[in-house]
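Since the structure comes first, as structure tokens, the remarks are kept for the end.
The values are calculated or read from the model by the stated rules, or taken from the named source; none is laboratory data. Note that the coordinates shown come from a computational prediction; the quantities given were computed from them, not determined experimentally. Cβ atoms come from the backbone with ideal geometry, glycine included; neighbour counts cover every protein chain shown.
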Amino acid sequence: MNSYIVIFQPDGVCVEVESGKTLLEAAAAAGVAIDSACGGQGSCGKCRVIVTLGRPGGQSGDQLSRAEIQQGVMLACQATVEDDLVVEIPLESQRTDLRILTSEAGAEPSLTQDDVPLARSMSVHVFEPKFGDEEEGDAERLLDAISACCSGSFGDFEIGLSALRSLPTLARHETDLSAVIADLDGRGYVVSLSPDARPTYGLAVDIGTTTVVVYLVDLDTGRFLASCAHLNDQVSFGEDVISRIIYTQEHETGRAELRDAVRQTIDRCLLRAAEEHGVTPDQVVAGACVGNTVMTHLLLDIDPSGIRRDPYIPAVRALPTLLGREVGLRVNPAAPIYLAPCVSSYVGGDITAGVLATGMADSPKLTLFVDLGTNGEIVIGNQDWLVCCSCSAGPAFEGSGLEYGMYATVGAMERIAYDAAADRVTYRTISDAKPRGICGSGLVDALAELLRTGVIDRAGRINLGFPSPRVRVRDERPEFVLVWGEEIGREHDISLGDDDIQNLIRSKSAVYAGVATLLETLGLETGQIERVLLAGGFGNYIDAGNAVTIGLLPDLPLDRIQFVGNTAIAGARMLLLSRSARRRVQELAKRMTNFELSTTRGYMDRYVSGLFLPHTDLSLFPSVARQLEVEV
């Protein structure tokens with residue numbers, strides 16, 4: 001099979017690939033990030049590129065206009081490499097660094113004397129072997145020494161192979177050794193031995209569908225050292241978990257590709273964080289990972305196909321603590337890797353970790369916990385009970401499926417306001433860059449503003465009689481222009497179309513219907529909710545008032561709504577540092593009663609009722625009714 005050279009501009013990155021590969025695959029091989037919301041299916045139209053030299057194969061793509069095709073524009077996922085090529089990636093198709101939520105709410109966790117971290121170094125005194133001790137080898141003397149130091153902490157001990165290999169050199173004389181002892185589900189495990197004390201480090205990882213966040217932590221003190229976040233490399237295979245499962249089923253090597261993609265993302269973040277502090281991968285002797293159920297399966301190369309097939313049962317929900325070499329991460333091969341337990345196919349370890357981190361299960365207050373990210377997970381409860389569900393809202397609020405929707409990255413409009421009297425749209429973009437599109441928080445603002453000003457009705461339909469040139473029909477598509485292209489030096493205006501609005505309404509309705517279904521099933525009223533905890537990257541940046549206005553959140557006093565940051569990474573850090581936290585999260589996973597909304601009575605009726613702004617029943621949203629000056 002022939003190979004060809006592909007050069008990607010404007011960075012001049014060069015890669016050699018086999019003929020027949022798509023330009024999107026070639027870009028991935030070159031480490032060049034091209035936006036592709038549909039995972040290469042040709043349906044989103046976001047991977048537009050211009051071939052400036054050479055003759056590619058494949059098709060132009062149904063998403064392109066005749067004018068674009070004449071200009072040499074192609075979809076990277078549809079064009080194939082059949083020649084040496086030079087490919088220009090327009091700004092709109094470039095996937096730049098995301099703004100990823102790495103912070104956690106609450107106080108800095110500290111390591112107490114009673115805590116048993118996942119691994120920690122300690123000094124052990126080993127006695128010299130004596131004549132007549134033929135029945136006791138170096139390993140037995142080491143275990144005796146460790147047992148004396150760790151009395152009561154572990155039931156029994158095991159020595160890892162790497163540590164065993166160092167024993168003949170280190171334990172032939174009476175000496176003090178530094179031993180790294182791991183907690184393998186209550187059993188002590190000797191990770192490594194050294195003659196001198198060495199600092200030990202741990203990894204806390206939040207494996208999101210869209211992004212990966214990594215914390216580097218000092219295991220001797222519990223102190224946070226550095227964080228790193230990156231787009232999950234799996235995004236190239238699809239925006240959501242279902243499309244990735246389908247990819248594993250349709251491609252012979254699909255599961256291995258997705259496994260390698262997420263491992264590479266974690267390793268990249270780890271190495272970047274470690275380099276800041278001169279830490280080598282071998283010094284990282286423990287890791288705690290949290291992620292949704294599909295991400296957990298794919299990390300471990302476990303077939304996730306059962307998750308999307310009736311009866312929607314995962315292969316595994318809770319795992320024993322594994323070792324670094326089993327998981328395949330670039331840490332000490334004998335490092336223990338703890339994975340937070342999942343509740344169901346669509347309520348994963350990131351949610352159990354979030355419930356742990358917020359402490360909602362220890363509070364008498366009736367709490368609604370909502371994690372808004374690529375999908376929406378909901379937990380309601382208190383210290384006595386917990387129920388949960390997952391809403392198949394889809395990634396619309398992360399820009400997927402919208403013409404000018406985008407991730408929260410440079411140039412994304414994150415705040416939007418509209419002054420109808422002056423016909424002026426004001427906005428704020430991430431990094432104060434020229435606007436390229438709209439991210440989730442901006443979409444919530446835009447929807448609320450257009451509703452309040454009468455640009456759209458409660459069904460989300462654009463009022464074509466609204467007195468503004470921003471309201472127009474383009475290619476038989478009603479839309480509202482947020483930014484005129486000529487104002488920012490680009491050919492196309494940035495707009496929100498009628499179909500975009502309907503997509504957003506479906507997403508917000510799925511979330512609200514999930515909350516309403518759980519409440520009604522439990523015999524509770526919305527007003528009984530004493531606090532709402534909003535977590536996740538998208539959830540942390542939205543305007544709570546606007547979220548209520550569009551019917552994404554229940555109509556409650558805004559002082560009950562709290563933004564709690566990245567609770568998944570906060571929980572992962574707690575699991576890394578505390579055995580009691582690891583035991584607690586196992587208890588929480590068993591306590592949480594999951595509702596499968598697709599089979600829960602009344603959910604679809606509530607979903608349909610939510611396909612209005614804010615809802616068909618305005619009595620559920622009295623504050624919004626007052627804004628709209630509508631009688632309930």
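Below is a table of values for the structure above.
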{"read-out": "Whichever residue in region 18-34 is in a loop (DSSP other than H, G, I, E, B) and under 22 Å from the mean Cα position of the chain (by Cα) and, among such residues, is modelled with the lowest pLDDT", "value": "Gly31"}
{"read-out": "Hey, Val331 crowded, with 24+ Cβ neighbours inside 10 Å, in contact with a Leu (Cβ under 8 Å, 6 or more places away or on another chain) and part of a loop (DSSP other than H, G, I, E, B) or not", "value": "yes"}
{"read-out": "Residue that is modelled with pLDDT under 75, within 21 Å of His492 (Cβ to Cβ) and either outside any loop (DSSP other than H, G, I, E, B) or among the aromatic types (Phe, Trp, Tyr) (or both), where the choices are Ala37, Ala67", "value": "Ala67"}
{"read-out": "Every residue from region 293-313 that is on the phi < 0 side of the Ramachandran plot, assigned to a loop (DSSP other than H, G, I, E, B) and modelled with pLDDT of 95 or more", "value": "Leu300, Ile302, Asp303, Pro304"}
{"read-out": "Residues of region 566-583 classified as over 23 Å from the mean Cα position of the chain (by Cα) and in contact (Cβ under 8 Å) with a residue 24 or more places away in the chain, total", "value": "3"}
{"read-out": "Any hit, region 593-603, residues being buried (at least 22 other Cβ atoms within 10 Å of the Cβ) and under 23 Å from the mean Cα position of the chain (by Cα)", "value": "yes"}
{"read-out": "Matching residues in region 520-562 - criterion: being of a type in the set (Val, Ile, Thr), more than 21 Å from the chain's Cα centre (by Cα) and closer than 24 Å to Gly359 by Cβ", "value": "Thr526, Ile529, Ile561"}
{"read-out": "Scope region 584-607; condition at pLDDT below 95 and either farther than 19 Å from Ile380 by Cβ or not assigned by TED's automatic domain parsing to the domain that holds Ser509 (or both); matching residues", "value": "Met604, Asp605"}
{"read-out": "Among (1) farther than 19 Å from Glu414 by Cβ; (2) at pLDDT below 95 - the single one Leu556 does not satisfy", "value": "(2)"}
{"read-out": "When residues of region 449-466 are limited to those that are outside any loop (DSSP other than H, G, I, E, B) and touching a strand residue (DSSP E or B) at 6+ places or on another chain (Cβ under 9 Å), the one surrounded by the fewest Cβ atoms within 10 Å (Cβ to Cβ)", "value": "Arg452"}
{"read-out": "Residues that are buried (at least 24 other Cβ atoms within 10 Å of the Cβ) and not aromatic (Phe, Trp, Tyr), drawn from region 342-354", "value": "Cys342, Val343, Ser345, Val347, Gly348, Gly349, Asp350, Ile351, Thr352, Ala353, Gly354"}
{"read-out": "Of all residues in region 214-244 being part of a strand (DSSP E or B), of a type outside the set (Phe, Trp, Tyr) and farther than 27 Å from Gln41 by Cα, the one that is nearest to the chain's Cα centre (by Cα)", "value": "Val214"}
{"read-out": "Selection within region 383-442 - assigned to a strand (DSSP E or B), of a type in the set (Gly, Ala, Ser) and more than 23 Å from Asp498 (Cα to Cα)", "value": "Ser390"}
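Listed here are the residues, each with its yes/no results for (1) out of contact with any Asp or Glu (no Cβ under 9 Å at 6 or more places or on another chain); (2) crowded, with 19+ Cβ neighbours inside 10 Å; (3) of a type in the set (A, V, I, L, M).
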site	(1), (2), (3)
Gln528	yes, no, no
Arg531	yes, no, no
Leu534	no, yes, yes
Ile542	no, yes, yes
Asn546	no, yes, no
Gly551	yes, yes, no
Asp555	yes, yes, no
Leu558	yes, no, yes
Val564	no, yes, yes
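Every residue, every condition in (1) in the same structural domain as Cys389 (by TED's automatic domain parsing); (2) at pLDDT 95 or above; (3) part of a helix (DSSP H, G or I); (4) of a type in the set (A, V, I, L, M), yes or no:
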site	(1), (2), (3), (4)
Ser468	no, yes, no, no
Arg472	no, yes, no, no
Glu479	no, yes, no, no
Glu487	no, no, yes, no
Asp500	no, no, yes, no
Val511	yes, no, yes, yes
Thr521	yes, no, yes, no
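Table: residues versus (1) free of Cβ contacts under 8 Å to residues at least 40 places away in the same chain; (2) in the same structural domain as Met574 (by TED's automatic domain parsing); (3) surrounded by 20 or more Cβ atoms within 10 Å (Cβ to Cβ); (4) farther than 16 Å from Met122 by Cα.
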residue	(1), (2), (3), (4)
Asp176	no, no, no, no
Val180	no, no, yes, no
Val190	no, no, yes, no
Ile207	no, no, yes, yes
Thr210	no, no, yes, yes
Phe237	no, no, yes, yes
Asp240	no, no, yes, yes
Ile245	no, no, yes, yes
Ile266	no, no, yes, yes
